[in-house]
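Report on one structure; see the data block that follows.
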Amino acid sequence: MNPSSYAGLPERFFARVAPTPILEPRLVKFNHVLAEDLNLSLDSLDTHALGSLFSGNVLPSGAIPISMAYAGHQFGHFVPQLGDGRAILLGEMRDRAGVRRDIQLKGCGRTPYSRGGDGRAALGPVLREYLVSEAMHALGVPATRSLAAVTTGESVRREALLPGAILTRVAASHVRVGSFEYFAARGDVAAIQILADYVIERHYAHVAQDRAPYLALLAEVVSRQASLIAAWMHVGFIHGVMNTDNMAVSGETIDFGPCAFVDAFDPAAVFSSIDERGRYAYANQPHAAAWNLARFAETLLPIIDTNSGRAIELATEVLSTFTTQFADRWLAGMRRKLGLSANEEGDRVLVDDLLDVMHRNQADFTLTFRGLCDAAAEQPVQMRARGLFGNAHEYQHWTQRWRERLAREPTLPAARVEAMRQVNPAYIPRNHRVEQMIVAAVERGDFAPFEELLAVLSQPYREQPAFAAYADPPQPNERVLQTFCGT
């Protein structure tokens, strides 16, 4: 392992702290495929040694453990000091593509940023993040990855005593919008410039020679976030806690806490127990991202231009592009989900009308689009999607318009259906399946449901007849109404 390049920044960017040893580390899951991509050679280690390594009891050679300082707007309210309260960055590895990847332990003990917390993580949230982050990767959505999960043999107190666990997270980096806010709140312009230079060098090296590199940095982050949020929307993902400290400037999904996926389509869907006013509801996510990006832009103003008025004007111009970029990428993705390769002016109305019909009929988001793959065939099979709509007439009226639109497409039906099946998953991390998996592990020590669900979700676009039940929406008594943070 290489030392973290972040540890080479000035001391005020982080705190040096080692993981707190645990009594009884036990390896629950090790991601062999990801380890190979990171060029990690751990085949000689047995499960006991892997448990010690991924719990922090044994530090890998070259590690310089640190916790990162950051601030953040949480549900719109600024908190000037947050930081890694239960996470420790060990170092970096270069993957097979030559990209530097952070290796971080989450739940490995208290840090100077714990703010009275215990620095630990419960098993349920660790399994949730492992499973959902890997599922997002398989879906093609940029996200942090999970390398290992370890139980600690110790209990953590939340609403009750729960088994403790530690997650090993892999990320392009852990720099957040809140990292910039931390220094902006302290008026430390020099630190903002150092951090901006670090992010440019690590993620956006092509803008380093730009005449206005920090404005170009803002534009790159805006673009990445527009693509990321569009990708979330395409698979029905709800992050649940889109605070600025949970927005990575790399453009990866990070911090899965109370995340969930839409079942019956509802643009106002909220699952997070702490999102009482729906600030981060499904349809509000683009607006929340734009708000966060504005906070990011504010931190960069002093280094964009020494003339504050000019800096505001330039940043505002860049920020104004988010709405269009998001709308374009969202619509492009929705076209692909509907089997449309050409662009026509009425496509947005066609998409919006489908979503309206789905909402009125409480049609399942994932199954509707997967069912449309069959309905797009040369000899259409309508029943799979039509059966999701209480008012079949509304569905049939919309599909008639859709098929008229498909008739103007240059793509052959067979190729169209195959392309649609590559963007409309059959399997997502259904909220009830995730909860069932957690209950089995936490209450019975049974990790078989976790392993099976993880395996199914590793191939979300492939029909898996033996596991067809994993595509089913929840029964009324299985519906998950709320999800919870693990802190």
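All other residues whose Cβ lies under 15 angstrom from that of residue 281 are scored, Lys and Arg at +1 and Asp and Glu at -1, for a net of -2. What you get for the chain, charging only the Cβ of Lys and Arg (+1) and of Asp and Glu (-1), is a dipole of about 200 debye around the Cα centre. A straight line joining the Cα centroids of segment 433-487 and segment 159-238 runs 30 Å. On the basis of the beta-carbon distance and an R0 of 56 Å, residue 313 and residue 384 show a calculated FRET efficiency of 0.60. For segment 122-248, with all protein chains in place and a probe radius of 1.4 Å, 51% of the accessible heavy-atom surface sits on carbon or sulfur.
Modelled label positions at residue 46 and residue 115, each set 7 Å beyond Cα in the direction of Cβ, lie 4.3 nm from each other. In this structure segment 310-454 gives 47 Å² per residue of accessible area when probed at 1.4 Å with all protein chains present. Here the chain is treated as a sphere whose radius is the Kirkwood value from Cα pairs; by Stokes-Einstein at 37 °C and 0.692 mPa s it diffuses with a coefficient of 139 µm²/s. Near residue 171, once Lys and Arg are set to +1 and Asp and Glu to -1 for all other residues with Cβ below 13 Å from its Cβ, the sum equals 0. In terms of its C-alpha gyration tensor, segment 247-369 comes out oblate, because a/c is 1.5 or above while a/b does not outweigh b/c. The length gained by stretching the chain between residue 36 and residue 396 to full extension, at 0.36 nm per residue less their Cα-Cα distance, is 124.7 nm. Quick check: from the Cα gyration tensor, does segment 239-288 come out rounded (a/c under 1.5), prolate or oblate? It is prolate, given that a/c is not under 1.5 and a/b is the larger ratio. Which residue, 316, 389, 332, has the largest displacement toward the positive end of the dipole of segment 289-390 when charges sit on each Cβ (Lys, Arg +1; Asp, Glu -1)? Toward the positive end, the furthest listed residue is 389. Surface analysis of segment 119-277 yields an accessible area of 28 Å² per residue, using protein heavy atoms and a 1.4 Å probe. Think of segment 428-474 as having a plus end and a minus end, set by charges on the Cβ of Lys, Arg, Asp and Glu; of 449, 467, 439, 467 sits farthest toward the positive end of this dipole. Relative contact order, whole percent, for the chain stands at 14, derived from Cα pairs under 8 Å and 6 or more residues apart. The value of relative contact order for segment 38-119, using C-alpha pairs under 8 Å at least six residues apart, is 27 percent. Proximity of backbone amide H atoms, modeled 1.01 Å from N, is registered between residue 108 and 88 at under 5 Å, excluding neighbours fewer than 5 places apart on the same chain. Based on the Stokes-Einstein relation at 37 °C and a viscosity of 0.692 mPa s, and on the Kirkwood radius from alpha carbon pairs, segment 339-394 is assigned a translational diffusion coefficient of 275 µm²/s. Rounded to the nearest whole Hz, the Karplus-based 3J(HN,Hα) values (6.51 cos²θ - 1.76 cosθ + 1.60, θ = phi - 60°) of segment 310-318 follow the sequence 5, 4, 4, 4, 5, 5, 4, 4, 5, with x at glycine and proline.
Ranked by the mean number of other Cβ atoms within 10 Å per residue, highest first, peptides 191-201, 43-53 order as 191-201, 43-53. When you count the other C-beta atoms within 10 angstrom of each residue and take the mean per peptide, 218-226, 166-174 line up highest first as 166-174, 218-226. Projected onto its three principal axes, the C-alpha set of segment 209-295 covers 48, 23, 18 Å, listed from the longest axis down. Of the residues 162, 141, 178, the one whose Cα sits farthest towards the positive end of the charge dipole of segment 124-246 is 162 (charges of +1 on Lys and Arg Cβ, -1 on Asp and Glu Cβ, taken about the Cα centre). If a spin label sat at a point 7 angstrom from the Cα of residue 268 along the line to its beta carbon, the backbone N atoms of segment 322-356 nearer than 20 Å would be those of 352-356. Neighbours of residue 336 by Cβ distance under 15 Å: Lys/Arg scored +1, Asp/Glu scored -1, total +3.
The simple spin-label model puts a point 7 Å past each Cα toward its Cβ; for residue 403 and residue 332 those points are separated by 3.1 nm. Among beta bridges identified by DSSP and lying wholly in the chain, the antiparallel ones come to about 95 percent.
Dividing the summed helix terms, -39500 (n - 2.57) for each DSSP H run of n ≥ 4, by the number of residues in the chain produces a 222 nm estimate of -13000 deg cm²/dmol to the nearest 500. Give the shape of segment 25-152 as rounded, prolate or oblate, defined through the alpha-carbon gyration tensor: a ≥ b ≥ c are the square roots of its eigenvalues, a/c under 1.5 means rounded, and otherwise the shape is prolate if a/b is larger than b/c and oblate if not. Because a/c hits 1.5 or more and a/b exceeds b/c, segment 25-152 counts as prolate.
The values are calculated or read from the model by the stated rules, or taken from the named source; none is laboratory data. Small disclaimer: the values here were computed from a predicted structure and weren't measured. Positions of Cβ are backbone-derived with ideal geometry, glycine not excepted, and every protein chain shown enters the neighbour counts. SASA here: full protein model, heavy atoms, side chains in, ligands and nucleic acids out. Shrake-Rupley method; radii C 1.70, N 1.55, O 1.52, S 1.80 Å.
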